[in-house]
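Below is one structure, written out as structure tokens, with a few remarks after it.
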Amino acid sequence: MAKASPIQNNFNGGELSPLLYGRTDIDKYRTGMAVCKNAVTLIQGPWLRRSGTKYVAEVKDSTKTTRAVGFEFSTTQAYIIEFGDLYLRFYMDRAQILDAGSPYEIVTPYAEADINSLKFVQSTDTLYIFHENYKPAKLTRTGHTNWTLTDLDFQDGPYLLENITPTTFNSNLATGSVTVTVSSIVGINNGTGMQPGDVGRVFRMEDGLGGWGWGKITAVNNTLEFEGDIIEGSVANSVATGKWRLGVWSDTTGYPSVGTFVEDRLMLAGSSEAPQRADGSRSGRYENFAPTELDSSVLDDNAISFTLNASQVNRIQWLVVAEQAMLVGTVGAEWVVRPSSLGEALTPSNVVARVSSTNGSSSAQAIRVGAATIFIQNSTRKVRDIRYKGIDTDGFDARDLSIMSEHMTVGGISNLVYQRDPQSILWARRNDGRLLGLTYDENNQVTGWHLHELGGFSDAAKTVHAKFKSEAVIPTPDGLSDEVWVIAERNINGVAKQYVEFLMPFWEKGNAQEDAFFVDCGLTYDGVPATTISGLDHLEGETVQVLADGAVQPDVTVSGGSVTIDRPASKIHFGFQYVSDGKILRLEAGASDGTAQGKTKVINSVVFRLYDSLGLEYGPELTDTMDEYFFRKAGDPTNTAVPLFNGDIKIETWPGDADTKGQIAWRQSAPLPLCVQALMPQVRTEDE
């Protein structure tokens, strides 16, 4: 038998697709894993157990859809906004914002069915909100308990193309409050004439002297008559004119569903009646969309309008400002929009849109990460990054970031958020309620996928894991890193609940052991030594794990909102157990006549190199009966926690029989940290 002592000291390839189990020839095989669950693969290489989630509050109504949205006013003032059926609630500094002892709340028009379709873009203290069925709105913050939601007040546009039909408008007055008579329904609202949903819509009419006046419709009397207020300029008085324009957006025609800021313009797109059209405001005037001056002259800072020239109608799904261009994702393709020459500014007469790729985009908002734009393909199975290839080729390409782990996205993914620090990780919610992580660092050529399941259950029978329902990322209160907030769907003591929670920071060396937080939906008691702890009402009737002053104590069941533990402690964490698993691919250590694949292997021993860890189960497969390594040694005091371990531990006799796989698996099920830096097996391969 050939004897070898290989090492795997890098796991940042993440969990690989079973389709790659035979590809021992690629670099990814040497850094990949067969299983990576409830752990992150660090850019530096180690496998690190994810920290637990801390409970903050129950949503207003757990029977309805809710959504978490991040709002970053500054690195030290960041909020999570709970979007629910016709309301918003707010969170800051890891707590719910209260007003006179009750959750601070404001009213919105957004119905439950539309919550997950809302799109956002933020500018300083204002969050702009878009949906095709609602007037675009802005949520403005002036204080922790002072938020205002108002509709955008569009000025002088954007407009449909100038009328080319025989239909004329005739105003009874030149200025002020006017009544406009329409000669025909032709050319208006697809041949239906004026509609009640046109109230609030902007319109333009000629003034008879080569210029324009514009106003807003205040009432629709019938399909051939409306009333309006002329806001600027004047219109032809008692003279029928065919020179008129109606606004693009209204209750009748729908509203833009996406937006972004580009070159100090607010760019909006994706309405139901004009799905391939985008409109940019005047520079620095985000609600003014005047296509020309009132004298018909066109300035460089006038509004921009363009329609993607595609052979099929493909709705615009997202807009992102990227290097050298604005990227536009549609159902069928990705487009690059920019001036005709690099270094020039976008103007009404200098805007070019070209197809960059034909993958097609889902409705999930794309995200800018460094020099790349990350988006979910329309199939919802692939995650791609678009990156500028350089001035030599002056183009963009869109790589498939999920091709090596295609099995991870089975069932589709529906959301994408980004955590910059302390590790660069994209988080994508799978449609089954699990969360996928993608450790992503292009500079170091790292892309590694990992799967996350919440501890606890979402059904009364306790057969289905608790589910991720919404995610958002904001800076930590100290502004030094980012934290992921989630809305979790749980079943607590037979009752369906939705809880707002956040993932605790990744474990780092130097953290106090008693601060280790590795339970889900958890809370912490911090006070004088005690055995009976109350305040756990959100876990009523549930069995939870206990870490007390850095030591594991037996599980307890919450009754009447309280528990009693075995020994008094001053810092105690309570919450649901979750299991973190790792498993490497089939060993390839070679044989005397070539490959080790397909040949019988015997693993004699394995050395685990651990970093600031405590607790380890191991074996050839992930099972409920894995062997356990005991860190407590003879002579260690029994009344204090075993300290965290740094260094190598050797499993002298590896469990399991000889097989052709030669795989190594490990698990952490205790509420403690685990970081695996390297595996060093001693293996014998039988030559055949």
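The values are calculated or read from the model by the stated rules, or taken from the named source; none is laboratory data. Keep in mind the model is a prediction, meaning the values are calculated, not measured. Neighbour counts are summed over all protein chains in view; Cβ atoms, including those assigned to glycine, are modelled from backbone coordinates with ideal geometry. What goes into the accessible areas is simple: the full protein's heavy atoms, side chains included, and nothing from ligands, DNA or RNA. Shrake-Rupley method; radii C 1.70, N 1.55, O 1.52, S 1.80 Å.
Close amide-amide hydrogen proximity is noted between Ala678 and Arg609, each under 5 Å apart and 5 or more residues distant or on a separate chain (H modeled in the peptide plane; Pro and chain starts excluded).
Given the protein chains as shown and a 1.4 Å probe, how many square angstrom of Val199 are accessible, to the nearest 10? The value for Val199 is about 60 Å².
For chymotrypsin sites (Phe, Trp or Tyr not before Pro), the sites in segment 577-660 that DSSP calls loop and that have at most 14 other Cβ atoms within 10 Å are Phe630. Restricting to DSSP H runs of at least four residues, report the calculated mean residue ellipticity at 222 nm for the chain, -39500 (n - 2.57) per run over all residues, nearest 500 deg cm²/dmol. Dividing the helical sum by the residues of the chain leaves 0 deg cm²/dmol. Counting only lysines at least 8 places from Lys601 when in the same chain, those with an alpha carbon closer than 17 Å to its own are Lys3, Lys583, Lys661. Local charge for Thr347 was computed over the other residues whose Cβ lies under 10 Å away, with Lys and Arg +1 and Asp and Glu -1, and equals -4. Computed from backbone phi with θ = phi - 60° and the Karplus coefficients 6.51, -1.76 and 1.60, the 3J(HN,Hα) list for segment 141-155 is 9, 10, x, 4, 10, 9, 10, 10, 10, 9, 6, 5, 9, 5, 10 Hz; x is used for glycine and proline.
Residues Asp432, Asp114, Asp279, Asp566 ordered from highest to lowest accessible area at a 1.4 Å probe: Asp566, Asp432, Asp114, Asp279. Each Cα pair under 8 Å and six or more residues apart adds its separation to the average, and for segment 45-131 the resulting relative contact order is 22 percent. For segment 574-674, GluC sites (Glu not before Pro) meeting the loop criterion (DSSP other than H, G, I, E, B) and having at most 15 other Cβ atoms within 10 Å: Glu621, Glu652. Pairs of Cα atoms nearer than 8 Å and 6+ residues apart set the relative contact order; for the chain it is 14 percent. For Asp207, the residues whose amide H sits under 5 Å from its own are Trp212, Gly213, Ala236, ignoring neighbours fewer than 5 places away on the same chain, with H placed 1.01 Å from N. For segment 1-91, the relative contact order works out to 19 percent when only alpha carbon pairs closer than 8 Å and six or more residues apart are counted.
Database remark: amide H of Gln155 closer than 5 angstrom to the amide H of Asn288, Phe289 (H placed geometrically; neighbours at sequence offset of 5 or more, or on other chains; Pro and chain starts carry no H).
Positive-end ranking of Gly191, Ser424, Gly13 along the dipole of the chain, with charges on Cβ about the Cα centre, is headed by Gly13. Summing +1 for each Lys or Arg and -1 for each Asp or Glu among the other residues whose beta-carbon sits under 13 angstrom from that of Met33 gives +3. Split the accessible area of segment 128-214 by element, probe 1.4 Å, and carbon with sulfur accounts for 54%. The local environment of Ala290, defined by Cβ-Cβ distances under 10 Å, has a net charge of -1 under the rule Lys, Arg +1 and Asp, Glu -1.
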